[in-house]
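Reviewing the structure listed below.
The values are calculated or read from the model by the stated rules, or taken from the named source; none is laboratory data. Every value quoted in this text rests on a predicted model; they were computed, and no experiment measured them. When we count neighbours, we look across all protein chains shown, and the Cβ atoms used for this are built from the backbone with ideal geometry, even at glycine. For the accessible areas, the whole protein counts, side chains as well, though only heavy atoms, and no ligand, DNA or RNA atoms are used. Shrake-Rupley method; radii C 1.70, N 1.55, O 1.52, S 1.80 Å.
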Amino acid sequence: MACLLETPIRMSVLSEVTASSRHYVDRLFDPDPQKVLQGVIDMKNAVIGNNKQKANLIVLGAVPRLLYLLQQETSSTELKTECAVVLGSLAMGTENNVKSLLDCHIIPALLQGLLSPDLKFIEACLRCLRTIFTSPVTPEELLYTDATVIPHLMALLSRSRYTQEYICQIFSHCCKGPDHQTILFNHGAVQNIAHLLTSVSYKVRMQALKCFSVLAFENPQVSMTLVNVLVDGELLPQIFVKMLQRDKPIEMQLTSAKCLTYMCRAGAIRTDDNCIVLKTLPCLVRMCSKERLLEERVEGAETLAYLIEPDVELQRIASITDHLIAMLADYFKYPSSVSAITDIKRLDHDLKHAHELRQAAFKLYASLGANDEDIRKKIIETENMMDRIVTGLSESSVKVRLAAVRCLHSLSRSVQQLRTSFQDHAVWKPLMKVLQNAPDEILVVASSMLCNLLLEFSPSKEPILESGAVELLCGLTQSENPALRVNGIWALMNMAFQAEQKIKADILRSLSTEQLFRLLSDSDLNVLMKTLGLLRNLLSTRPHIDKIMSTHGKQIMQAVTLILEGEHNIEVKEQGLANFLQRARQIWFLVSSEYLQ
């Protein structure tokens with residue numbers, strides 16, 4: 001039975017199935033093995049670069065027959081190899097082609113082919129597997145379903161430079177998280193791939209390098225192992241540094257920089273190591289320059305943002321390297337303005353990468369301005385920067401919006417900017433709009449930034465309150481996401497600090513005592529601490545204590561008692577005790593007044 005495309009076959013597609021296409025499929029059923037072989041070879045030549053022909057053959061049922069021939073013991077090795085080549089060519093068509101191949105269970109058939117003793121057939125199967133696994137529609141889990149596959153692929157690495165290239169490429173595309181990293185690591189990926197970095201084949205070196213970048217990403221175990229691996233008497237970090245040199249291909253420089261960046265972030269290399277400060281960081285800054293391709297500039301900026309994110313000194317060094325802050329402003333100038341018809345291709349290319357460029361620039365600005373006040377000032381003073389960030393908050397791309405919010409959050413850590421630039425551009429308005437309807441990943445960062453805008457000295461605090469922030473934040477405290485609960489209660493705590501009685505009453509009314517008790521019983525310590533901080537700020541002055549305790553005194557005392565009698569650490573109980581003392585002071589004042597009368 002033929003494996004059909006997932007999308008319904010329209011009559012127009014069927015009408016395009018030519019007689020010659022039928023002829024190719026019919027020849028696969030010829031009783032003469034030689035004619036079948038010639039038919040497969042002719043089919044191979046017919047589909048090269050011809051997506052229409054590929055789709056026709058798939059519709060006509062060529063795939064099941066090719067897989068049958070590939071798996072038949074009576075088929076010659078040459079026929080099996082040619083079948084694998086044709087299947088690989090079909091996979092290089094559209095994503096629907098790949099889906100059709102997957103529906104026909106092509107992967108188990110090809111993996112079975114890897115058990116053959118014939119190297120050419122193995123290489124053809126691996127080439128086809130590489131094409132399928134690098135498609136975005138292929139679930140990477142299919143590589144890990146059979147526990148015998150990974151060790152067998154490791155064993156095949158020594159067979160030829162083609163097996164090395166294809167297997168490394170499969171690994172780098174199918175390693176999507178700690179579980180996959182652990183499987184590959186436990187089956188000796190580091191030891192089996194390390195020596196490939198010195199291969200005479202550039203493609204093998206590159207794919208091995210990409211393997212190490214995905215293995216090391218956010219993985220201390222792998223990174224700590226890599227830092228001590230020797231290849232021909234040289235440590236891996238030294239080999240990576242050599243691959244960073246300007247005379248190496250850009251792809252190699254970038255991937256080597258990624259490896260060193262990930263090892264550094266995982267704690268295997270110190271942030272003040274020369275290979276980071278003098279080699280990796282300058283290389284990544286170079287990748288951000290106008291001379292580089294747009295995709296290289298995106299990758300360079302995003303990797304640099306990740307490298308410097310937690311380290312103040314690296315942020316300072318990067319900010320003064322090659323005028324980076326000003327250089328990034330160019331990322332917002334795409335797509336370029338074009339008028340001539342000859343520039344259509346360039347315009348299409350610019351449009352494709354425009355979102356990615358803005359996202360990368362926002363990410364890097366966020367990392368640069370994470371800690372240093374002078375750097376934040378330089379960023380904000382960059383040409384039209386605040387306008388660009390505000391515009392970014394309403395972009396159609398979720399990734400760009402998220403990056404813009406992160407950038408704004410980073411800059412909002414500046415007291416001076418909160419009082420000036422943020423007020424001048426009324427940043428709170430688009431931020432409140434973002435908070436109304438956004439995915440959780442954006443809400444977490446946006447609500448965190450709102451905490452800063454609600455600080456007592458922020459000019460944005462009053463208009464934010466008037467725009468209905470209390471209800472919005474009380475709603476966040478009920479979220480299933482712990483980070484949103486923390487930010488919601490944190491923002492309310494900031495809002496209540498030295499606030500008027502009316503604001504405090506609004507908070508208590510909107511939050512409700514039932515929700516207050518739920519927050520005080522929250523399993524997340526940060527939620528509990530911020531809730532206690534809110535109580536402290538609500539009970540900050542005698543008139544406010546009198547007013548609040550007269551209406552909510554019993555519930556608040558129950559809440560504080562709940563904390564003091566619970567199994568909490570000393571920090572939590574100290575916060576609870578501070579609130580208890582506020583209540584005790586209020587009772588003392590009332591009692592004193594009664595006696596004085």
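Condition (residue is of a type in the set (Lys, Arg) and either open to solvent by less than 10 Å² (accessible area, probe 1.4 Å) or modelled with pLDDT of 95 or more (or both)) applied to segment 62-70: is it met by at least one residue?
The initial filter retains those residues of segment 62-70 that are of a type in the set (Lys, Arg), namely 65.
Within this subset, residues satisfying the condition of being either open to solvent by less than 10 Å² (accessible area, probe 1.4 Å) or modelled with pLDDT of 95 or more (or both) are 65.
Looking through segment 62-70, at least one residue is of a type in the set (Lys, Arg) and either open to solvent by less than 10 Å² (accessible area, probe 1.4 Å) or modelled with pLDDT of 95 or more (or both).
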| said: If Glu373 satisfies all but one of (1) open to solvent by less than 40 Å² (accessible area, probe 1.4 Å); (2) modelled with pLDDT under 95; (3) in contact with a Ser or Thr (Cβ under 9 Å, 6 or more places away or on another chain); (4) not β-branched (Val, Ile, Thr), what's the number of the condition it fails? | reply: (1)
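Tell me which helices (runs of 4 or more DSSP H) are completely within segment 79-186 and hold 2 or more residues being touching a helix residue (DSSP H, G or I) at 6+ places or on another chain (Cβ under 7 Å), at pLDDT 95 or above and aromatic (Phe, Trp, Tyr), or say none if there are none. It would help to see each step written out before you state the result.
Details: elements: 95-103, 106-113, 119-133, 149-156, 161-174, 178-186.
So the answer is 119-133, 161-174.
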| query | Out of (1) within 28 Å of Val277 (Cα to Cα); (2) open to solvent by 10 Å² or more (accessible area, probe 1.4 Å); (3) within 23 Å of the chain's Cα centre (by Cα), what's the single condition that is false for Thr182? | reply | (1)
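May I ask you to list the residues in segment 281-298 that are touching a residue at least 60 places away in the same chain (Cβ under 8 Å) and either open to solvent by 10 Å² or more (accessible area, probe 1.4 Å) or part of a helix (DSSP H, G or I) (or both)? Can you show your working first?
Quick first cut of segment 281-298, residues touching a residue at least 60 places away in the same chain (Cβ under 8 Å) only: 288, 294-295, 297-298.
Of everything in segment 281-298, those that are touching a residue at least 60 places away in the same chain (Cβ under 8 Å) and either open to solvent by 10 Å² or more (accessible area, probe 1.4 Å) or part of a helix (DSSP H, G or I) (or both) turn out to be Leu294, Glu295, Arg297, Val298.
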| Val200 passes all but one of (1) outside any helix (DSSP H, G or I); (2) touching a residue at least 40 places away in the same chain (Cβ under 8 Å); (3) of a type in the set (Val, Ile, Thr); which number fails? | (2)
| So Ala208, is it in contact (Cβ under 8 Å) with a residue 60 or more places away in the chain and under 23 Å from the mean Cα position of the chain (by Cα) | no
| query | Is it the case that some residue within segment 241-256 is of a type in the set (Lys, Arg), crowded, with 18+ Cβ neighbours inside 10 Å and out of contact with any strand residue (DSSP E or B) (no Cβ under 8 Å at 6 or more places or on another chain)? | reply | no
| said: Residues to consider are Glu141, Glu165; find the one that is touching a Lys or Arg at 6+ places or on another chain (Cβ under 8 Å), among the charged types (D, E, K, R) and either touching a residue at least 24 places away in the same chain (Cβ under 8 Å) or within 20 Å of Val214 (Cα to Cα) (or both). | reply: Glu165
| Odd one out for Lys203 among (1) in contact with a Phe, Trp or Tyr (Cβ under 8 Å, 6 or more places away or on another chain); (2) closer than 20 Å to Leu129 by Cβ; (3) surrounded by fewer than 18 Cβ atoms within 10 Å (Cβ to Cβ) | (1)
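Can you tell me how many residues within segment 451-510 are aliphatic (A, V, I, L, M), part of a helix (DSSP H, G or I) and closer than 27 Å to Thr420 by Cα? Break it down into steps so the answer makes sense when it comes.
Pass one, segment 451-510, residues aliphatic (A, V, I, L, M): 453-455, 464-465, 469-470, 472-473, 476, 483-484, 486, 489, 491-493, 495-496, 499, 503, 505, 507-508.
Cutting the leftovers down to part of a helix (DSSP H, G or I) gives us 453, 464-465, 469-470, 472-473, 476, 483-484, 486, 489, 491-493, 495-496, 503, 505, 507-508.
Now restrict to residues that are closer than 27 Å to Thr420 by Cα: 453, 464-465, 469-470, 472-473, 489, 491-493, 495-496, 503.
Number of matching residues: 14.
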